[in-house]
Amino acid sequence: MMAYEGRELPRPGAELVDQGCGFDLGTMRRRDLLRAVGLGATVLGLGGCGSTPESSTETPATVAEIPDETAGPYPGDGSNGPNVLNQSGVVRKDIRPSFGTATGTAQGVPMTLTLSLKDLANGGAAYTGAAVYVWHCDRAGGYSLYSTGITGQNYLRGVQIADDAGEVTFTSIFPACYAGRWPHVHFEVYPGESSITDSTKAIATSQVALPKEICDEVYQQAGYEASVTNLAQVSLDDDNVFGEDSGALQLAVVTGTVAEGYVASLEVGVDTTTTPTGGQLTGDGAPSGAPPAGAPPSGGPGGPDGPPPSR
């Protein structure tokens, strides 16, 4: 009987290195094996130890449903005053300029936002054909259509239709941080383009949170001065929208630089089998609040002379 280090060789006529996976694993310590061939190769080798290959039954990780949130006081979807969604030209990728008869353009650090929609009622498949309405404040914290001095503008608002991958992409600017809220982007999801003029048909309403380290970089730039102070007074944990879970499902992944602009992305799970609870609507289908009295100050909602946004 042939043996090695007191262990019987399962293949006496073969070289030591050809005694089989089970013998090798019993002889070599795990750290030596990892050092010799690397973790990836080790896993592969372990998979080959069995005499019968096993087929993989692994399925992609399930995307969680995006939390329903309020549309806030300044949606511009007809639920609280003006409705930009019934205007020709609202379906567009670049939302920095106003459209129609308005001529203003929002200035600020460039940001591209991509939302990847997953249809949870269809096994998490790409939600092709869904319409997404996005809006957010400008670098001074003001909302077009509502804030003092820009009620005649409709910039930083627009709709895109999800492509075959379920993605919509908007070219915009990085929004400000105004008093009382973490920096964010609002969005509504509709079944398709034909339904966007009626806010009651939104199947999801939520918000995108932006990472602090990126906000810190952006807010050092001209035009964002007020955001430095405002950001220092809020946190994701305490925000009245993201605070429940620190924006776990709503915090965008952001890359880029101030000079080249930023790219923000978020995966959005939409479940049409659940009843939407966000937006501006109450259970009877009526708007939950009248348009804000007057308009927010030019410095943005929540300023000393304007109504503080609860959401």
- Restricted to region 116-134, and to residues that are open to solvent by 30 Å² or more (accessible area, probe 1.4 Å) and free of Cβ contacts under 8 Å to residues at least 60 places away in the same chain, which residue is farthest from residue 98 (Cα to Cα)? 123
- In region 221-270, how many are crowded, with 19+ Cβ neighbours inside 10 Å and of a type in the set (D, E, K, R)? 1
- Can you give me the number of residues within region 271-280 that are more than 21 Å from residue 162 (Cα to Cα) and either of a type in the set (D, E, K, R) or open to solvent by 60 Å² or more (accessible area, probe 1.4 Å) (or both)? 2
- Check off (1) buried (at least 24 other Cβ atoms within 10 Å of the Cβ); (2) farther than 16 Å from residue 99 by Cα for residue 157 and give me the number that stays unchecked. (2)
- Query: Can you name the residue in region 183-201 that is touching a helix residue (DSSP H, G or I) at 6+ places or on another chain (Cβ under 8 Å) and of a type outside the set (Ser, Thr, Tyr) and, of all such residues, is farthest from residue 71 (Cα to Cα)?
  - Reply: 191
- Task: Could you tell me whether region 291-306 includes any residue that is part of a loop (DSSP other than H, G, I, E, B), under 17 Å from the mean Cα position of the chain (by Cα) and at pLDDT below 95?
- Result: no
- Query: Only one of (1) in contact with a Cys (Cβ under 9 Å, 6 or more places away or on another chain); (2) part of a loop (DSSP other than H, G, I, E, B) is not met by residue 230, so which one is it?
  - Reply: (2)
- Task: Assess whether residue 165 counts as being open to solvent by less than 10 Å² (accessible area, probe 1.4 Å), of a type in the set (A, V, I, L, M) and part of a loop (DSSP other than H, G, I, E, B).
- Result: no
- Query: Taking region 199-233, which residues are closer than 23 Å to residue 120 by Cβ, without any contact (Cβ under 8 Å) to a residue 60 or more places away in the chain and of a type outside the set (A, V, I, L, M)?
  - Reply: 201
- Taking residue 172, is it open to solvent by less than 10 Å² (accessible area, probe 1.4 Å), of a type in the set (S, T, N, Q) and assigned to a loop (DSSP other than H, G, I, E, B)? no
- Message: Let me spell it out: the conditions are (1) assigned to a loop (DSSP other than H, G, I, E, B); (2) among the hydrophobic types (A, V, I, L, M, F, W, C); (3) open to solvent by 40 Å² or more (accessible area, probe 1.4 Å), and residue 150 meets all of them except one. Which number is the exception?
- Response: (3)
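The values are calculated or read from the model by the stated rules, or taken from the named source; none is laboratory data. Computed from a predicted structure; not experimentally measured. Every residue, glycine as well, gets a Cβ built from its backbone with ideal geometry; the counts of neighbours run over all protein chains shown. Note: areas computed on protein heavy atoms with side chains; ligands, DNA, RNA excluded. Shrake-Rupley method; radii C 1.70, N 1.55, O 1.52, S 1.80 Å.
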